[in-house]
1. Would you mind computing the Rg to Rh ratio of the chain from its alpha-carbon coordinates, Kirkwood style for Rh?
2. Rolling a 1.4 Å sphere over the protein heavy atoms, what is the accessible area per residue of the chain, to the nearest Å²?
3. Quick check: net charge around GLU276, other residues with Cβ under 9 Å of its Cβ, Lys/Arg +1 and Asp/Glu -1?
4. Once amide H atoms are placed 1.01 Å from N in the peptide plane, what residues at a sequence separation of 5 or more from GLU435, or on another chain, have their amide H within under 5 Å of its amide H?
5. Mind giving me the FRET efficiency for HIS357 and ARG136? R0 is 60 Å, r the Cβ-Cβ distance, nearest 0.05 is fine.
6. Enumerate the amide H contacts of ILE160 below 5 Å, restricted to partners 5 or more residues apart or on another chain; note that Pro and chain-start residues carry no placed amide H.
7. With θ taken as phi - 60° and the coefficients 6.51, -1.76 and 1.60, list the Karplus ³J(HN,Hα) couplings across region 34-42 in order, rounded to whole Hz; mark glycine and proline as x.
8. If exposed GluC sites (Glu not before Pro) are those in a DSSP loop with at most 10 other Cβ within 10 Å, what is the longest stretch of the chain that has none?
Amino acid sequence: ADRQVISFNARSGLHELDVGLAGRLEQPGQPAEKWTWTGQLDRLHAVLNGKEDISLQAPASVQASAQSAVLDTACLLGARVETICLKAGWLASEGAEVETRIGQVHLDVLNELLGMDLRLSQTLSGDIQMQFPAGRKPSGSADFHITTGTISYIDDPDPILETGEGALAFILTDGRLTSGVLDIPITGQGVIDIDFHIPDVTAGLDAELGGTLLIDLTSLDVLSVFLPKADQVSGTMRADLEMSGTLGQPYFRGRFDLRDGLLVNRTSGLRLEDIELYGNLVGTGETQLTGGFRAAEGVGELNARIDLRDIQQPHFDLGISGEQLKLFNSEDLMIVVDSDLNMAFQPGSVTIGGALHIPSAMIAPAVIPEQTVSESTDLVITAGQPTGEVVEKQEVQPLSILGNLKFSLGDDVTLDLTVAELDLAGEVDFNWQGEPLPRANGTFTLEGEIVAFGQRLKIAQGDIGFPGGPADN
């Protein structure tokens with residue numbers, strides 16, 4: 001025919017690509033090897049994860065034959081993709097070449113591609129030049145600039161951290177990524193610097209990886225996001241690591257140091273100083289880190305184990321031990337702890353183990369959280385409106401909690417309430433089987449006085465028993 005229209009549509013999950021071209025043969029009467037097709041790319045529309053729309057800004061000319069092909073500059077636009085322009089050429093005897101210029105792309109687009117729960121306000125701009133020689137592996141280079149911005153959770157506008165101007169660049173020679181750089185300064189807190197090389201990028205996730213990773217944080221304020229009750233978090237952290245393994249399974253070897261750590265909660269009087277955790281990462285095996293901390297009174301020990309042999313399922317174990325540690329020291333709350341506590345973290349779950357003994361404590365009303373009492377589950381409202389405050393149902397936490405903890409009280413534990421003053425003792429074993437609420441087995445004994453019905457009653461001997469059921473009463 002005098003004119004041809006070519007349409008291409010592809011879908012994968014929530015991703016979609018729609019392409020349209022129109023043109024004509026210059027020599028329709030000649031053999032196919034002498035044909036030249038001239039036209040234009042007049043439609044290109046992509047949808048990422050069902051949300052991000054990217055479309056062709058204006059038609060771009062196309063010419064193709066059995067021996068060559070050329071795409072003139074084609075520019076794409078989207079809500080968070082502000083101009084990506086590319087042009088390409090191909091010769092059968094020499095191969096292909098592609099030039100791409102990125103005017104501005106919001107890094108938040110990564111959420112649509114990778115399904116992350118983070119919000120990134122930075123933008124990226126720069127150039128990519130790639131060559132695909134006939135019969136040889138690709139070569140090329142890229143140089144990107146990353147603007148200042150913030151990183152936060154999607155459901156929380158407060159930033160986790162702020163970043164300065166960064167850079168991403170690489171040089172690819174005959175299929176070998178001979179140099180790659182990613183520099184991200186963290187405003188007022190340090191820098192993350194990655195230098196990497198990949199001998200054969202064509203191997204995909206199985207490609208060997210090499211290089212160095214430097215994380216140098218002069219302030220640990222960023223950790224306060226993960227410790228929302230903390231009034232002050234400080235310290236320094238430095239990780240100077242060598243990278244090995246593959247893109248799909250990287251390994252890290254080198255030194256890790258966390259020094260001069262400080263964690264403060266003024267209301268409860270919690271103050272942990274001189275927090276240290278240090279050691280050598282061993283790459284393909286388990287890494288042991290040791291350290292310690294100083295409480296208001298007493299010194300504790302820290303032992304950690306990091307297992308990154310499966311990067312998709314990392315394991316982190318933390319042991320906290322010490323005797324006569326005064327962790328809380330305020331007018332309303334004083335707790336002394338003997339700890340032999342172990343916690344293991346992995347994606348989706350936490351395992352708790354060990355023993356926690358409280359030889360001495362004083363707990364006063366100001367630090368006891370108030371809880372609204374909801375109606376009994378068998379209550380039926382037959383008329384009118386329910387009285388009292390309605391408690392909203394809380395969503396079940398996705399984090400699974402497992403393990404056993406032996407929790408015991410010494411002979412110097414006092415609960416000072418508005419209507420009672422009680423001395424507590426005893427031992428209870430808590431067992432978690434996935435839900436946040438544990439099951440409990442054991443007994444606390446109590447003595448003291450309680451004001452009830454206008455009378456002051458003396459409790460000479462009392463028991464609070466847990467017969468193995470949920471510890472919810």
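The values are calculated or read from the model by the stated rules, or taken from the named source; none is laboratory data. Worth saying up front: this structure is predicted, and the values here are computed from it rather than measured. Positions of Cβ are backbone-derived with ideal geometry, glycine not excepted, and every protein chain shown enters the neighbour counts. For accessibility, only protein heavy atoms count, side chains too; no ligands or nucleic acids. Shrake-Rupley method; radii C 1.70, N 1.55, O 1.52, S 1.80 Å.
1. Numbers: Rg = 31.7 Å, Rh = 28.3 Å.
Ratio value, two decimals: 1.12.
2. 58 Å²
3. Details: positive: ARG259; negative: ASP257, ASP260, ASP274.
So the environment of GLU276 carries a net charge of -2.
4. Result for GLU435 returns ILE401.
5. My answer for the efficiency is 0.30.
6. ILE151, SER152, TYR153
7. 10, 5, 10, 9, 10, x, 8, 7, 10
8. Values: sites that count: GLU331, GLU370, GLU389, GLU392, GLU395.
Result for the longest clean stretch: 1-330.
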